[in-house]
Amino acid sequence: MIDALDTQDIKELKGVGTAMAEKLAKLNLHTVQDLLFHLPIRYQDRTRIVPIGQLRFGDEAVIEGEVTGCEIKMGKRRSLICRLRDHSGSLCLRFFHFSAAQKKQLEQGKRVRCFGEIRRGSTGFEIYHPEYSILKDDEPLDGIDLLTPIYPLTEGLTQTKIRQLCEQALDRLTPYNLREWLPDRLRESFSLPSLADAIKFLHHPTQDTNLEQLKLGSHPAQYRLSFEELMAHQLSLINKRVLSKEDKAITISEAGALQQALLAQLPFSPTNAQLRVSQEILQDFSTGHPMLRLVQGDVGSGKTLVAAMAAASIVQQGHQVAVMAPTEILAEQHYLNFKGWFEPLGIKVAWMIGKLKGKQREAELARIASGEAAIVVGTHALFQESVTFHSMALAIIDEQHRFGVHQRMALREKGLQAGFQPHQLIMTATPIPRTLAMSAYADLDSSVIDELPPGRTPVNTVVISDQRREEVIQRVRHACEEGKQAYWVCTLIEESEALQCQAAEDTALLLTEQLQGIKVGLVHGRMKAQEKADIMASFKAGALQLLVATTVIEVGVDVPNASLMVIENPERLGLAQLHQLRGRVGRGQAASHCVLLYRAPLGQQGRARLSIMRETSDGFKIAEKDLELRGPGELLGSRQTGLLEFKVADLQRDKALLGDVQRAATELYQNYPDHVSPLLSRWLPKHNQYLNV
Ligand code: ADP
Ligand code: MG
């Protein structure tokens, strides 16, 4: 029996104890094989020595020079400063942590080669804590001379450490312990290198590598890995489709009286698009097999009503419906909506979010388990083990792009408890370009609500520099004084939610000061659910005039009287996200405005992107344009689509591969069925594999 690398515990490697193993686990690295697939995010070009005179601030560069002086400076922080000179200029190396030996080593006259980021310091250009080596007089130039891989890290893990570990993993790699599952014939016809070669190369690109190609993610070695990963996904989709044709679901052949009653009490009638999509759903319900349908509809197109109509048909037959939303704010909104629509008809609605505790939680759980509540609305808290349904026959998932495929699967499991497969209805406002939809959602049928309810006025969008912030604030004042309501959305480049919330808090304080007499509220992701709900309720009721928010309000918030939205730093958001945000206004009768308050100066690309927002309000056009402009991902393996979770592939970047991948997957499925399962377990998360045993 060969000791395959995916069964070799990472702790077998030198230098990995329990503490280190825990750190690695944070990166999802558990086995030796995991390390091989832990690819660099970029490479530093250390192949060229840059003359000091040519350095620019911010560069990461290798330089070489002679030490002209080395001394300890006391100042604010004690530091060791070493001045280096070459034929073109000089700079300083600065060490805040250093030993006496180090100081001695860097004595005047020594030649040093070092690498680091060029900063602006008190002495001119400086490098803090460079990696360096002292050059011996007669030693040939070597040492720091490769394309150095830079790996994703986690706290307490250094580049040096992870490089050592990847080295060890590579040393163990043989053709027997990391199996090649793509048959030679298939590899040849798609010109793919072997798996082992591709992996070795990506950890250690050769010096003659085209760095540009590597950056774009279009190197054959990168293609090889993306290809295999995309193939694995494709195979699982083929599998699911084949298997779901054998599954049983409850059959429903008519819309039913409850749906009639629901529609009868609405102050409006459904649009033709809403009726058509409802019809498609009903058609699925009538087949006896589980529905798996994606409903795409632009912001404001009325997806919730379509969901409610489907729910009504299921409830009519005595079964339950689960409605899952990605945020508590949105879940709350759906809860209130469904309650408003269904309780007058005698249908009970329950509610489940993570923060629900104690008696209230017990009560909701009991109502769900007994079937007393026919409709259950919540967040991913619906997955919790303690949640048991009486007979859940339809799972509705809103804003799918926030949920991974496997979460969708987990909810399905809840239905299985009742002995049949639930139908699934997935709703998203993020338009999905066709190629991507084909691949990411190949297991789904899809419908489009391509019509907005009547009476909507398009949002007038303007792009304004933050140098005119004062004017914008006055504009908010005017709108509020006229009885309208406004949003002020804060965004930040950092991924950190804490920082984003901080920024929103600061902005809310400032605006409160500057807008005396206007009632300003604040909502962000770190507030308690109850607090958030209260604020949203007062805004909806008109007690607050201006709502300062983070992007938590991106989805689903519905306050028709809000007709002005200011978005700070819009240049930092994706266009699809901007489109979502903007969709919060333009829901009522008043003409609505959206101010994109960018931080000047704005580059040409940024300008072009924001003007798309000004020119169109069609979500599909915006998505296509965004793809076009953004082109391939900027980072290796960037996973910007959020449709699926990939280890190395990127649907945008690799979309040219998709056709080939589909063909290859079909061929493998037919001719090498025993290769399917190992590929799935190599690439897909565990919970997503169970269908395939
Ligand atoms: P989204 O597709 O963005 O989820 P919603 O379902 O939240 O849109 O609907 C947006 C608003 O439009 C809601 O206030 C809803 O009540 C209203 N609405 C939905 N369908 C219609 C319709 N056919 N006519 C008029 N208003 C509608
Ligand atoms: Mg919605």
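The values are calculated or read from the model by the stated rules, or taken from the named source; none is laboratory data. Model, not experiment: these values are computed from the prediction. With ideal geometry, Cβ positions are generated from the backbone for all residues, glycine too; neighbour counts draw on all protein chains shown.
Taken over segment 30-58, the residue count meeting the criterion of being closer than 23 Å to Arg163 by Cβ and modelled with pLDDT of 85 or more is 16.
Conditions (1) of a type in the set (Asp, Glu); (2) in contact with a Lys or Arg (Cβ under 6 Å, 6 or more places away or on another chain); (3) touching a residue at least 60 places away in the same chain (Cβ under 8 Å); (4) under 29 Å from Leu522 (Cβ atoms), marked per residue:
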site	(1), (2), (3), (4)
Leu275	no, no, no, no
Gln283	no, no, no, no
Val306	no, no, yes, no
Gln320	no, no, yes, no
Ala325	no, no, yes, yes
Glu328	yes, no, yes, yes
Ala331	no, no, no, yes
Lys339	no, no, no, yes
Gly346	no, no, no, no
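From the list Gly574, Gly588, the lone residue that is more than 17 Å from Val472 (Cα to Cα), surrounded by fewer than 23 Cβ atoms within 10 Å (Cβ to Cβ) and out of contact with any Pro (no Cβ under 9 Å at 6 or more places or on another chain) is Gly574. Picking from Leu35, Leu39, which residue would you name as being surrounded by 16 or more Cβ atoms within 10 Å (Cβ to Cβ), in contact with a helix residue (DSSP H, G or I) (Cβ under 8 Å, 6 or more places away or on another chain) and part of a helix (DSSP H, G or I)? Just a single option satisfies the conditions, and that option is Leu35. All of Ser244, Ser269, Ser236 fail the test of being surrounded by fewer than 13 Cβ atoms within 10 Å (Cβ to Cβ) and touching a Leu at 6+ places or on another chain (Cβ under 9 Å), apart from Ser269.
Do you know which of the residues in segment 282-311 that are away from ligand 2 (no atom under 16 Å from the Cβ), aliphatic (A, V, I, L, M) and under 29 Å from the mean Cα position of the chain (by Cα) is nearest to Phe620 (Cα to Cα)? It comes out as Leu292. For segment 163-186, a tally of residues being without any contact (Cβ under 8 Å) to a residue 40 or more places away in the chain and more than 22 Å from His204 (Cα to Cα) returns 2.
Restricting to segment 523-577, and then to whatever is of a type in the set (D, E, K, R) and touching a Leu at 6+ places or on another chain (Cβ under 7 Å), can you tell me which residue is farthest from ligand 2 (Cβ to nearest atom)?
Among those that are of a type in the set (D, E, K, R) and touching a Leu at 6+ places or on another chain (Cβ under 7 Å), it is Glu571.
The residues on offer are Ile72, Ile118, and the sole one that is within 22 Å of Val50 (Cα to Cα) and at pLDDT 90 or above is Ile118.
On the basis of being within 16 Å of ligand 2 (Cβ to nearest atom) and farther than 16 Å from Gln424 by Cα, does Gly371 make the cut? Show your work before the answer.
Numbers: within 16 Å of ligand 2 (Cβ to nearest atom): no; farther than 16 Å from Gln424 by Cα: yes.
No.
Among the residues making up segment 526-558, a single one is small (Gly, Ala, Ser), surrounded by 21 or more Cβ atoms within 10 Å (Cβ to Cβ) and away from ligand 1 (no atom under 16 Å from the Cβ): Ala549.
The residue that is surrounded by the fewest Cβ atoms within 10 Å (Cβ to Cβ), counting only those in segment 411-427 that are in a loop (DSSP other than H, G, I, E, B) and modelled with pLDDT of 75 or more, is Phe420.
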